[in-house]
Amino acid sequence: MTQWIRVRHDGDIKFGVLADEQIDVFAGDMFDHPEATSERIPLASVEVLPPCLPTKIIGLWNNLRAAAAQQGRTKPEEPLYFFKPPSCVLGPGGTIVKPRSYEGRVLFEGELGVVIGRRCTHVSETEAADCVLGYTCVNDVTAVQLIHDDPSFAQWGRSKGLDTFGPFGPVIATDLDPQSLRVAALVDGVVRQDYPVSDMFYGPLELVERISRDMTLLPGDIIACGTSMGAEAMTPGCTVEVRIDGIGTLSNDFAGAAAPVPS
């Protein structure tokens, strides 16, 4: 297993492989034959950034059997998904902020993220494995009351795509069997979600197959595979962690409402 990480060090943005709290720095493109260098830097000396810059984040809804059963839903005939824009991306350690335009509840949702490794379109599930670089932790933050605020139009994009509402990281882990993974979400150290990826209606590689039928997936794009029971509203000042063995822990604080703009 390799853990790719992207960081800021001495003012420069670098990427490399994380092992034993040290980063072996690579040059070039993480997604296109990266080249090892002789540089090694300690993890403690860097600011950890989002491990990639996606052109889009595709989020799944109603993809976990246990949550569907609790809500009286059944398996959808095709994966149901929405989009989060690149502008919502937030790195590990960043602060989630509720915009001044919204006064309602903000939910955390711990999820597995599939990171696309090469351009792919209309691939089979078998071919999908070669299109995936690895996996990451995602917190699909949601301004839940916006979704149905207007009865004429469900606002999934707005509710999911606000600034800071797309935390993921801390690394992209390769060579994992996604079906063996468990996703946990903790609030101030208390477990609120804990579920197996194997409970998904559509597993990670099948999602790549089915979504690539509709659109081209590009290197760095992320598929957030959906969440299970236990997602709930955050309170200002809390810390939310998404943990997946083999990948690590994504930790972000929630600040509540944004500060007013200085006059």
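Some notes on this structure:
- Residues of the stretch 100-118 that turn out to be exposed (fewer than 15 other Cβ atoms within 10 Å of the Cβ) and closer than 24 Å to Val48 by Cα, as a count: 1
- Among residues of the stretch 58-97, those that are in contact with a Ser or Thr (Cβ under 7 Å, 6 or more places away or on another chain) and more than 21 Å from Val48 (Cα to Cα), counted: 4
- Within the stretch 192-263, strands (runs of 3 or more DSSP E) holding 3 or more residues that are in contact with a Cys (Cβ under 6 Å, 6 or more places away or on another chain): none
- Tally of residues being in contact with an Asp or Glu (Cβ under 7 Å, 6 or more places away or on another chain) and among the polar types (S, T, N, Q) across the stretch 33-62: 1
- Residue that is surrounded by the fewest Cβ atoms within 10 Å (Cβ to Cβ), among those in the stretch 63-99 that are closer than 22 Å to Tyr202 by Cβ and basic (Lys, Arg): Lys75
- Single unsatisfied condition, Leu112 versus (1) in a loop (DSSP other than H, G, I, E, B); (2) within 14 Å of the chain's Cα centre (by Cα): (1)
- Matching residues, the stretch 119-133, being in a helix (DSSP H, G or I) and surrounded by fewer than 20 Cβ atoms within 10 Å (Cβ to Cβ): Glu125, Thr126, Glu127, Ala129, Asp130
- Strands (runs of 3 or more DSSP E) contained entirely in the stretch 10-106, each with at least 3 residues that are assigned by TED's automatic domain parsing to the domain that holds Val197 and touching a residue at least 60 places away in the same chain (Cβ under 8 Å): 57-61, 80-84, 95-98
- Some residue of the stretch 2-16 being among the polar types (S, T, N, Q) and buried (at least 17 other Cβ atoms within 10 Å of the Cβ): yes
The values are calculated or read from the model by the stated rules, or taken from the named source; none is laboratory data. Worth saying up front: this structure is predicted, and the values here are computed from it rather than measured. Glycine gets a Cβ as well: all are built from the backbone with ideal geometry, and neighbour counts include every protein chain shown.
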